[in-house]
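J.: Here it is, the structure in full.
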Amino acid sequence: MARKPSSRAPAHSDTDAVAAEPQGGSRLIYGFHAVLGKMRRDPEGIFEIYLSSQRHDMRAKDVLRVAESQSIRLIQAESERLDRMVGTRRHQGVVARVDARQRELKLADILEGLSENALLLVLDGIQDPHNLGACLRVADAAGAHAVIAPKDRAVGLNATAVKVASGAADSVPYVTVTNLARALREMQEAGVWVVGADGEAGKSLYQVDQKVPVAWVLGAEGDGLRRLTRDTCDELASIPMHGSVESLNVSVASGICLFEARRQRSL
């Protein structure tokens, strides 16, 4: 699809850096993974990018190349300036000021835009924003294509979840749906195998074929999957527990499931 002509200006010097301070309707993200992911997925949601003038490596060149191709305003800045902007030296030399309003993503857009077998994480009613943020980080680390959650009876992507996600809220598409069971059926119609994580299931996750397109569905803290969600899944699988604890935190369980998919796909 053709992009609309952009009126954003080309690269500027550090003298323009004052514009990067958080303003109404904007926030800062940093780190190459988060910034490049945002540039490729939602370039219109970026107001400007600040790149350390000390960075001349391939990752910095990637930022320059993508910014130029997407007509994103890029400002060269001293690393000390970036330190002050974000309050940490962990920015890796790149900071972006982005639109703070969440662009609504559609499940169909995710499913139609895949270039490899789907790997999706579905969260059924997570209430704790720390758990949601941790799940986003896990999904990012495992290369999941999206995290899907219901709009109602779930915490939502609030400021706490975004902070805990440590940039993953900008690198992993987060899709909210009105009816989770209907969304699961939409995935199934698109050829995605829907697997629910259930501690009582007789089948181990290691017995599930995850080389095919797959969506892992995990339930809320303590309650697990809702009945309709469970009934809609193609199959249920458990994580073998060898110690005295009976269950795992949802973000830990998500990581085990998603990384098993990656392990199988690497064979």
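J.: Among the residues of segment 228-251, write down those that are touching a residue at least 60 places away in the same chain (Cβ under 8 Å) and open to solvent by 20 Å² or more (accessible area, probe 1.4 Å).
T.: ASN249 - this is the single residue of segment 228-251 that is touching a residue at least 60 places away in the same chain (Cβ under 8 Å) and open to solvent by 20 Å² or more (accessible area, probe 1.4 Å).
J.: Please find, among ALA134, ALA165, ALA141, the residue that is farther than 22 Å from CYS233 by Cα and open to solvent by 30 Å² or more (accessible area, probe 1.4 Å). It would help to see each step written out before you state the result.
T.: Numbers: ALA134 fails: open to solvent by 30 Å² or more (accessible area, probe 1.4 Å); ALA165 fails: open to solvent by 30 Å² or more (accessible area, probe 1.4 Å).
Answer to the selection: ALA141.
J.: Working carefully through the options VAL217, VAL177, find the one that is under 19 Å from ILE256 (Cβ atoms), of a type in the set (A, V, I, L, M, F, W, C) and under 18 Å from the mean Cα position of the chain (by Cα).
T.: On the way: VAL177 fails: under 19 Å from ILE256 (Cβ atoms).
Selected residue: VAL217, the only one of VAL217, VAL177 that is under 19 Å from ILE256 (Cβ atoms), of a type in the set (A, V, I, L, M, F, W, C) and under 18 Å from the mean Cα position of the chain (by Cα).
J.: Cβ-Cβ under 7 Å, sequence separation 6+ or interchain: first residue in segment 111-123 and farther than 24 Å from LEU157 by Cα and at pLDDT 95 or above, partner open to solvent by 50 Å² or more (accessible area, probe 1.4 Å) and not in a loop (DSSP other than H, G, I, E, B). Which pairs?
T.: none
J.: Taking into account only those residues within segment 76-107 that are among the polar types (S, T, N, Q) and at negative phi, which is nearest to the chain's Cα centre (by Cα)?
T.: Out of the qualifying residues, it is GLN102.
J.: Further, regarding this structure: Taking ALA60 as the residue in question, decide whether it is open to solvent by less than 40 Å² (accessible area, probe 1.4 Å), part of a helix (DSSP H, G or I) and of a type in the set (Gly, Ala, Ser).
T.: yes
J.: For segment 172-189, state whether one or more residues are open to solvent by 50 Å² or more (accessible area, probe 1.4 Å) and of a type in the set (Phe, Trp, Tyr).
T.: no
J.: Among the residues of segment 255-267, what is the count of those that are within 15 Å of ASP140 (Cα to Cα), open to solvent by less than 20 Å² (accessible area, probe 1.4 Å) and out of contact with any strand residue (DSSP E or B) (no Cβ under 6 Å at 6 or more places or on another chain)?
T.: 3
J.: Just to check your reading of the model, which residue among GLY45, GLY31 is on the phi > 0 side of the Ramachandran plot, modelled with pLDDT under 95, out of contact with any Phe, Trp or Tyr (no Cβ under 8 Å at 6 or more places or on another chain) and buried (at least 17 other Cβ atoms within 10 Å of the Cβ)?
T.: After applying the criteria, what remains is GLY31.
J.: Given the residues SER52, SER69, which is the only one that is open to solvent by less than 20 Å² (accessible area, probe 1.4 Å), hydroxyl-bearing (Ser, Thr, Tyr) and at pLDDT 90 or above?
T.: Answer to the check: SER52.
J.: How many of the residues making up segment 190-219 are open to solvent by 10 Å² or more (accessible area, probe 1.4 Å) and assigned to a helix (DSSP H, G or I)?
T.: So the answer is 2.
The values are calculated or read from the model by the stated rules, or taken from the named source; none is laboratory data. Keep in mind that what you see is a predicted model, and the values were worked out from it rather than measured. Glycine gets a Cβ as well: all are built from the backbone with ideal geometry, and neighbour counts include every protein chain shown. Side chains are part of the model used for accessible areas, which takes the heavy atoms of the whole protein and leaves out ligands, DNA and RNA. Shrake-Rupley method; radii C 1.70, N 1.55, O 1.52, S 1.80 Å.
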